[in-house]
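Sharing a structure below in structure tokens format, with a few things to ask.
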Amino acid sequence: MHRISTTISQKHWELLKKHTEEFGTQQKVLELALESLENGSKHSPALTEEERTWLTQRSMKTICSSLKDSIKVLLETVNIEMFNEYLNKYKPLEYTMEYYFQKPLKEISLKELLDGVVITGVMSNWFDTIDYTDDDNHYTMLITHSLGLNSSKINKMGIESMFETYGVRVESTISEKTIFMKIYKN
């Protein structure tokens with residue numbers, strides 16, 4: 001046992017008195033406070049996937065606070081070839097995954113990459129649904145949305161580009177409201 005002597009502010013004196021009534025002794029209150037400090041500094045609560053994604057999008061300066069109908073109108077008039085050139089030059093989804101996982105694309109497992117596409121797809125609110133299944137030699141990703149055929153084309157191009165850069169083969173089928181993808185395992 002060690003003896004201590006110190007002075008504290010009136011505010012902290014009141015807190016000490018209040019908690020002494022609750023825990024019985026000043027010693028117990030001080031010991032619990034110190035343990036709480038120790039445990040709190042080592043065990044800060046982990047961020048949820050959603051919180052982590054929001055922070056990632058924020059730090060990447062992602063913007064899109066717009067009604068889906070407005071985005072749909074823009075997508076209906078987009079130049080698909082020009083957008084494909086943009087995807088090939090800047091690789092935005094590859095950058096997003098590297099930033100999100102904090103490691104190079106080639107060091108991310110295929111499963112992590114699929115999970116990353118799903119979480120960023122959900123958080124972006126572009127899709128009505130997005131999920132995948134593990135089907136032996138490939139994964140099957142199903143995306144549904146309400147943004148029209150050009151949205152299917154653009155998202156197919158972006159996601160395929162990322163998986164091809166990663167080094168896996170992808171087969172896709174699209175419609176006005178769906179994207180079906182087979183992502184083959186190596």
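Take residue 87 and tell me if it is out of contact with any strand residue (DSSP E or B) (no Cβ under 7 Å at 6 or more places or on another chain), modelled with pLDDT under 95 and of a type in the set (A, V, I, L, M, F, W, C).
yes
Also: Just give me the residues in the stretch 146-178 being among the charged types (D, E, K, R) and more than 19 Å from residue 75 (Cβ to Cβ), in sequence order.
Result: 164, 169, 171.
Give all pairs with beta carbons closer than 6 Å in which a residue from the stretch 85-113 that is assigned by the TED database to the domain that holds residue 164 meets a residue that is aromatic (Phe, Trp, Tyr) and at pLDDT below 95; count only pairs at least 6 apart in sequence or on separate chains.
Note: pairs meeting the criteria are 108/101.
Among the residues of the stretch 79-103, write down those that are in a helix (DSSP H, G or I) and of a type in the set (D, E, K, R).
Correct list: 81, 85, 89, 94, 98.
Can you name every residue in the stretch 95-114 that is of a type in the set (Asp, Glu) and modelled with pLDDT of 95 or more?
Answer for the stretch 95-114, where residues must be of a type in the set (Asp, Glu) and modelled with pLDDT of 95 or more: 107, 112.
Next up: Since residue 153 meets every condition but one in (1) open to solvent by less than 60 Å² (accessible area, probe 1.4 Å); (2) assigned to a helix (DSSP H, G or I); (3) touching a residue at least 60 places away in the same chain (Cβ under 8 Å), which condition does it not meet?
(1)
Next question, about the same structure. Of all the residues that make up the stretch 104-149, how many are loosely packed, with under 14 Cβ neighbours inside 10 Å and under 14 Å from the mean Cα position of the chain (by Cα)?
Summing the residues that are loosely packed, with under 14 Cβ neighbours inside 10 Å and under 14 Å from the mean Cα position of the chain (by Cα) in the stretch 104-149 gives 1.
Has the stretch 80-96 got at least one residue that is open to solvent by 80 Å² or more (accessible area, probe 1.4 Å), out of contact with any Leu (no Cβ under 8 Å at 6 or more places or on another chain) and among the β-branched types (Val, Ile, Thr)?
No, every residue in the stretch 80-96 fails to be open to solvent by 80 Å² or more (accessible area, probe 1.4 Å), out of contact with any Leu (no Cβ under 8 Å at 6 or more places or on another chain) and among the β-branched types (Val, Ile, Thr).
Among the residues of the stretch 173-186, are any open to solvent by 50 Å² or more (accessible area, probe 1.4 Å), of a type in the set (A, V, I, L, M), in contact with a Ser or Thr (Cβ under 9 Å, 6 or more places away or on another chain) and within 21 Å of residue 86 (Cα to Cα)?
yes
When the residues of the stretch 23-40 are filtered to those that are surrounded by 13 or more Cβ atoms within 10 Å (Cβ to Cβ) and either acidic (Asp, Glu) or over 39 Å from the mean Cα position of the chain (by Cα) (or both), which remaining residue is farthest from residue 4 (Cα to Cα)?
Among them, the one singled out is 23.
Applying the selection to the stretch 156-172, what residues are surrounded by fewer than 16 Cβ atoms within 10 Å (Cβ to Cβ), on the phi < 0 side of the Ramachandran plot and not in a helix (DSSP H, G or I)? Spell out the reasoning first.
As a first pass, look at the stretch 156-172 and keep what is surrounded by fewer than 16 Cβ atoms within 10 Å (Cβ to Cβ): 164-165, 167, 169, 171.
Right, trim to on the phi < 0 side of the Ramachandran plot and you get 164-165, 169, 171.
Within the stretch 156-172, 169, 171 qualify.
Out of 56, 20, report the one residue that is modelled with pLDDT under 85, polar (S, T, N, Q) and either surrounded by fewer than 10 Cβ atoms within 10 Å (Cβ to Cβ) or not assigned by the TED database to the domain that holds residue 112 (or both).
On the way: 20 fails: modelled with pLDDT under 85.
Result of the check over 56, 20: 56.
The values are calculated or read from the model by the stated rules, or taken from the named source; none is laboratory data. Note that the structure is predicted; figures quoted are calculated from it, not measured. A quick note on method: Cβ atoms are made from the backbone with ideal geometry, for glycine too, and the neighbour counts reach across all protein chains shown. What goes into the accessible areas is simple: the full protein's heavy atoms, side chains included, and nothing from ligands, DNA or RNA. Shrake-Rupley method; radii C 1.70, N 1.55, O 1.52, S 1.80 Å.
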